[in-house]
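A.B. asks: Would you mind keeping the following structure in view while I ask a few things?
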Amino acid sequence: MSRQTIAAPAGAPPAGHYSPAVRAGDFVFVSGQGPLDPRTGEVVPGTVAEQTALTLRNLAAVAGAAGGSLADVVKINAYLADIGDFAEFNTAYAAATPAPPPARTTVATGLAGILVEIDAVLYLPGEGP
């Protein structure tokens with residue numbers, strides 16, 4: 001099986017030593033995306049709903065660079081700085097993701113300086129290198 005690193009010029013730049021996404025066969029594994037301005041890489045402050053919307057736009061940019069879209073996402077892992085923000089996050093998430101929704105896990109964790117981070121797995125059969 002081949003492995004391909006995917007860069008996303010329209011997405012936020014990586015904040016560390018990692019690839020925005022890696023394609024392995026028919027699957028694309030997208031690294032955690034956050035509420036970063038794609039031009040500057042800086043955190044964009046806002047509510048959890050605003051940060052969720054921006055995070056999902058960044059995720060969509062990486063999915064697009066891989067030849068897919070949010071409709072191709074089969075699994076989401078979402079991380080919240082405060083589980084008390086779950087309802088607001090869930091509403092913003094539902095508004096930005098196509099039906100039927102992918103499988104999802106949402107957990108509270110110690111995020112540094114952001115309210116939400118999301119990673120994903122896409123299934124893109126037969127479109128690999």
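The values are calculated or read from the model by the stated rules, or taken from the named source; none is laboratory data. None of these values were measured; they are calculated from a predicted model. In this analysis, Cβ positions are derived from the backbone assuming ideal geometry, glycine residues included, and neighbour counts consider all displayed protein chains.
A.B. asks: Which numbered condition in (1) loosely packed, with under 13 Cβ neighbours inside 10 Å; (2) outside any helix (DSSP H, G or I); (3) touching a strand residue (DSSP E or B) at 6+ places or on another chain (Cβ under 9 Å) is the only one that residue 84 fails?
C.D. replies: Unmet for residue 84, out of (1) loosely packed, with under 13 Cβ neighbours inside 10 Å; (2) outside any helix (DSSP H, G or I); (3) touching a strand residue (DSSP E or B) at 6+ places or on another chain (Cβ under 9 Å): (2).
A.B. asks: Something else: Of all residues being touching a Gly at 6+ places or on another chain (Cβ under 7 Å) and buried (at least 21 other Cβ atoms within 10 Å of the Cβ) in the stretch 36-74, which is farthest from residue 9 (Cα to Cα)? Just the residue, please.
C.D. replies: Result: 55.
A.B. asks: Now for a separate question. Does any residue of the stretch 30-40 turn out to be of a type in the set (Val, Ile, Thr), out of contact with any strand residue (DSSP E or B) (no Cβ under 8 Å at 6 or more places or on another chain) and without any contact (Cβ under 8 Å) to a residue 60 or more places away in the chain?
C.D. replies: Within the stretch 30-40, one or more residues are of a type in the set (Val, Ile, Thr), out of contact with any strand residue (DSSP E or B) (no Cβ under 8 Å at 6 or more places or on another chain) and without any contact (Cβ under 8 Å) to a residue 60 or more places away in the chain.
A.B. asks: If you don't mind, another one. In the set 58, 77, which member is assigned to a helix (DSSP H, G or I) and either on the phi < 0 side of the Ramachandran plot or at pLDDT below 95 (or both)?
C.D. replies: 58
A.B. asks: Also, quick follow-up: Could you list all residues from the stretch 2-35 that are part of a strand (DSSP E or B), surrounded by 14 or more Cβ atoms within 10 Å (Cβ to Cβ) and of a type outside the set (S, T, N, Q)?
C.D. replies: Listed by number, the residues that qualify are 6, 21, 22, 23, 27, 28, 29, 30, 32.
A.B. asks: Please verify whether residue 105 is surrounded by fewer than 19 Cβ atoms within 10 Å (Cβ to Cβ) and in a strand (DSSP E or B), treating the condition exactly as stated.
C.D. replies: yes
A.B. asks: Let me ask something else about it. Tell me which of these residue 77 doesn't satisfy, since it passes every other one: (1) crowded, with 22+ Cβ neighbours inside 10 Å; (2) more than 14 Å from residue 124 (Cβ to Cβ); (3) under 12 Å from the mean Cα position of the chain (by Cα).
C.D. replies: (1)
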